[in-house]
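Accompanying notes for the structure given below.
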Amino acid sequence: MPKPHSGKVKIGIIGAGAVSDYHHVPGIRLDERCCLTAVCDASADLVAKRKGEWNVSLATTNYLEVCQSPDVDAVIIATPNDTHKDIAVAAAKAGKHIMCEKPLGLNATEVAEMYHSARDNDVVHMTAFTYRFAPAMRYIAHLVHSGKLGQIRHFRSQRFLDWPETSWGWRQWKARAGAGDLFDMTIHRLDLGVFLVGPLKKLTGAIARFAPRDKTADGKPCAPSDVDDWSSLIGIFENGATGVWEGTTLAKGYKRKGFGHEWAEINGSEGSVVYQLHTPNTILIGNNEVDLHEEKVPEEFLKPTGSPRSTTQGEPATLFRYDLMWEFVSAICEGRQASPSFHDGLVAQVIADSVLASFEKENWLPIPTVNK
Ligand SMILES: NC(=O)c1ccc[n+]([C@@H]2O[C@H](COP(=O)([O-])OP(=O)(O)OC[C@H]3O[C@@H](n4cnc5c(N)ncnc54)[C@H](O)[C@@H]3O)[C@@H](O)[C@H]2O)c1
């Protein structure tokens, strides 16, 4: 178990692109227990820009400098998926705590190496499964785990986005991303299913690609995509409940300010509950007597205890993302493991890999247990 940290937690960001700018830096800025001390990006231009914008002393294109800096206690890895493993292993060996973006790696073999390295070096390790932090999801987890919904029978997840059919950059190549919609979007929801219902026992999956993505947004030709833009699976959990997941980036008409459509539902013997990303501070709830209707998430589930972020000022579908940093820094200060951990990231990766293998084999596949 990591030792509790005293003093400010000094954080280095590796990968200074979109998600660091939108989620991680605002999360660090809100939390007085931590500060940003280092930035690394493969692009020297972006490093120079972020050095000024983010006001950090160490700015470099070499992630090893961040991993080895005495002015860094913890790193955030927010680079393309094919680079996560080497960076995480270097950080763990240098004794740095790690929050790594999802998917943790290109496949479960890589992710197991990351998990074992972080575990064996006694550092805090966290997978950035953002949607666990949505207030509605926190409340639904309480309702499920406290037995209020009775025996859980069905989990259902839909993630529909209306994205342009032009290039996704590194995300559209298997060598850099591992898979498309499945590893980018559905993997979050695989984690939600296991988080709410428990381990998955077996599954059958399917993926498809519709858009060639052989042009950039400004019309320049590029190598076409070789990953899925639609992914789905049916699963049976160890407790007998069923799960059905579907994700697509090609659902025309589902822009909703860029947040798209997300619906995750539990049907238990005593009632049903629904989480929707675009209304994260309410749930739908119903039972035999009362049809599904909207209810506010109670105050105590709106954010983790102590989180400094506002529950009212700003876009609700964005605000809860800052709670990832709160959890990561809390785990470091308290000397405990973070939740969701790299183990959770590995469990989700094993399931995602099994979706690809099942589709290739046209078969149901058992899901192996992932030891702690
Ligand atoms: N949790 C979430 O909700 C969420 C949301 C968006 C992205 N992500 C994940 O975050 C990661 C980054 O996504 P993004 O949208 O920010 O991508 P991005 O392309 O905007 O940024 C990635 C950055 O990493 C840099 N980079 C590439 N190789 C590097 C290396 N070896 N060392 C240092 N920097 C390097 C690139 O130059 C780029 O600036 C991905 O794994 C993605 O799946 C997660």
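The values are calculated or read from the model by the stated rules, or taken from the named source; none is laboratory data. From a predicted model like this one, the values you see are computed outputs, not experimental measurements. Don't worry about glycine lacking a Cβ; one is built from the backbone with ideal geometry, like all the others, and counts go over all protein chains shown. Accessible surface is based on the protein model in full, side chains and every heavy atom, while ligands, DNA and RNA are left aside. Shrake-Rupley method; radii C 1.70, N 1.55, O 1.52, S 1.80 Å.
Need the list of aspartates and glutamates near residue 296 for cross-linking: C-alpha distance under 17 angstrom, and skip anything on the same chain fewer than eight residues off.
265, 315
For residue 361, go through the aspartates and glutamates and keep the ones whose alpha-carbon is under 15 Å away, minus same-chain ones fewer than eight residues off.
Hits, sequence-local ones excluded: 353.
Using alpha-carbon positions, what is the distance between the centroids of the stretch 308-372 and the stretch 135-168, in Å?
Using only Cα atoms, the two centres lie 13 Å from each other.
Under 5 Å between amide H atoms, partner at least 5 residues away or on a different chain: which partners does residue 17 have, H built in plane at 1.01 Å?
none
Take the solvent-accessible surface of the protein heavy atoms, probe 1.4 Å, and return the percent of it on the chain that carbon and sulfur atoms account for.
Details: 8250 of 15770 Å².
Carbon plus sulfur share of accessible area: 52 percent.
With each pseudo-label sitting 7 Å past Cα toward Cβ, what's the residue 64-residue 305 distance in nm, one decimal?
The two pseudo-label positions are separated by 4.4 nm.
From the cross-link list 102/257; 49/303; 96/257, which pairs have alpha carbons spaced over 30 Å apart? Working shown, then result.
Working: 102/257 23 Å; 49/303 32 Å; 96/257 37 Å.
Check vs 30 Å cut-off fails for 49/303; 96/257.
Could you derive backbone 3J(HN,Hα) for the stretch 338-343 from the dihedral phi with the Karplus parameters 6.51, -1.76 and 1.60 (θ = phi - 60°), listing whole Hz in sequence and x where the residue is Gly or Pro?
So the Karplus estimates, Gly and Pro as x, are 7, 9, x, 9, 5, 4 Hz.
Apply the Karplus curve 6.51 cos²θ - 1.76 cosθ + 1.60, θ = phi - 60°, to the phi angles in the stretch 300-311 and return the couplings in whole Hz, x for Gly and Pro.
5, 9, 5, 7, x, 3, x, 4, x, 6, 6, 9
With point charges of +1 on the Cβ of Lys and Arg and -1 on the Cβ of Asp and Glu, referenced to the Cα centre of the stretch 9-130, which listed residue (77, 9, 108) lies farthest in the positive direction of the dipole?
Among 77, 9, 108, the one farthest towards the positive end of the dipole of the stretch 9-130 is 9.
Please find the FRET efficiency linking residue 29 to residue 339, where r is the Cβ-Cβ separation and R0 is fixed at 30 Å, and quote it to the nearest 0.05.
Between residue 29 and residue 339 the formula returns 0.85.
Could you pull out every residue, at least 5 positions away or on a different chain, whose amide H is within less than 5 Å of the one on residue 34? Hs are placed 1.01 Å off N in the peptide plane, and Pro or chain starts have none.
Correct list: 9.
Keeping all protein chains in position, work out how much accessible area residue 40 exposes to a 1.4 Å probe, and write it in Å² to the nearest 10.
Solvent-accessible area, nearest 10 Å²: 10 Å².
Which sequence of 139, 22, 275, 254 reflects their accessible areas, 1.4 Å probe, from the largest down? Provide the component values of the computation, followed by the final result.
Details: 139 30, 22 145, 275 0, 254 80 Å².
Result of the area sort, largest leading: 22, 254, 139, 275.
Can you say what percent of the DSSP beta bridges in the chain, counting only those with both residues inside, are antiparallel? Round to 5. It would help to have the intermediate numbers written out before the result.
Values: 39 of 66 bridges.
If we restrict to bridges inside the chain, about 60 percent are antiparallel.
Restricting attention to the stretch 170-251, which chymotrypsin sites (Phe, Trp or Tyr not before Pro) occupy a DSSP loop and are surrounded by at most 13 other Cβ atoms within 10 Å?
Numbers: sites: 170, 173, 183, 195, 210, 230, 237, 245; in loops: 173, 210.
When the chymotrypsin sites (Phe, Trp or Tyr not before Pro) of the stretch 170-251 are filtered for loop state and at most 13 Cβ neighbours within 10 Å, 210 remain.
Could you give the dipole magnitude of the chain about its Cα centre, charging the beta-carbon of Lys and Arg +1 and that of Asp and Glu -1, in debye to the nearest 20?
That gives the chain a dipole magnitude of about 280 debye.
Can you compute 3J(HN,Hα) from phi for each residue in the stretch 66-78, using the Karplus curve 6.51 cos²θ - 1.76 cosθ + 1.60 with θ = phi - 60°, rounded to whole Hz and x for Gly and Pro?
6, 4, 9, 6, x, 8, 10, 9, 8, 10, 10, 9, 9
Explain nothing, just the number: dipole magnitude of the stretch 157-248 about its Cα centre with +1 on each Lys and Arg Cβ and -1 on each Asp and Glu Cβ, in debye rounded to the nearest 20.
Details: 11 positive and 12 negative charges, 41 e Å.
Dipole about the Cα centre, nearest 20: 200 debye.
List the residues whose amide H sits under 5 Å from the amide H of residue 254, counting only those 5 or more places along or on another chain, with H placed 1.01 Å from N in the peptide plane.
162
With every protein chain left in place, what is the accessible area per residue of the stretch 9-130 in square angstrom, probe 1.4 Å?
Numbers: 4400 Å² over 122 residues.
That works out to 36 Å² for each residue.
Please enumerate, by chain and number, the lysines with C-alpha under 20 Å from the C-alpha of residue 93, excluding those fewer than 8 residues away in the same chain.
Result set, ordered by chain and number: 3, 10, 85, 372.
Where in the chain lies the longest segment free of GluC sites (Glu not before Pro) that are both loop residues by DSSP (not H, G, I, E, B) and have at most 10 other Cβ atoms within 10 Å? Before the final figure, lay out each step's value.
On the way: sites that count: 32, 289, 362.
In short, 33-288.
Within the stretch 173-194, whose backbone N sits under 18 Å from a point 7 Å along Cα→Cβ of residue 239?
190-194
Leaving ligands and nucleic acids out of the surface, order 248, 109 by accessible area at 1.4 Å, largest first.
Numbers: 248 20, 109 110 Å².
Final ranking, largest accessible area leading: 109, 248.
Report the net charge of residues surrounding residue 79, where surrounding means a beta-carbon distance below 11 angstrom and charges are Lys +1, Arg +1, Asp -1, Glu -1. Before the final figure, lay out each step's value.
Details: positive: 85, 176; negative: 41, 82, 86, 101.
With Lys, Arg at +1 and Asp, Glu at -1, the neighbours total -2.
Going 7 Å from the Cα of residue 313 toward and past its Cβ, which residues in the stretch 35-59 have a backbone nitrogen under 19 Å from where you end up?
none
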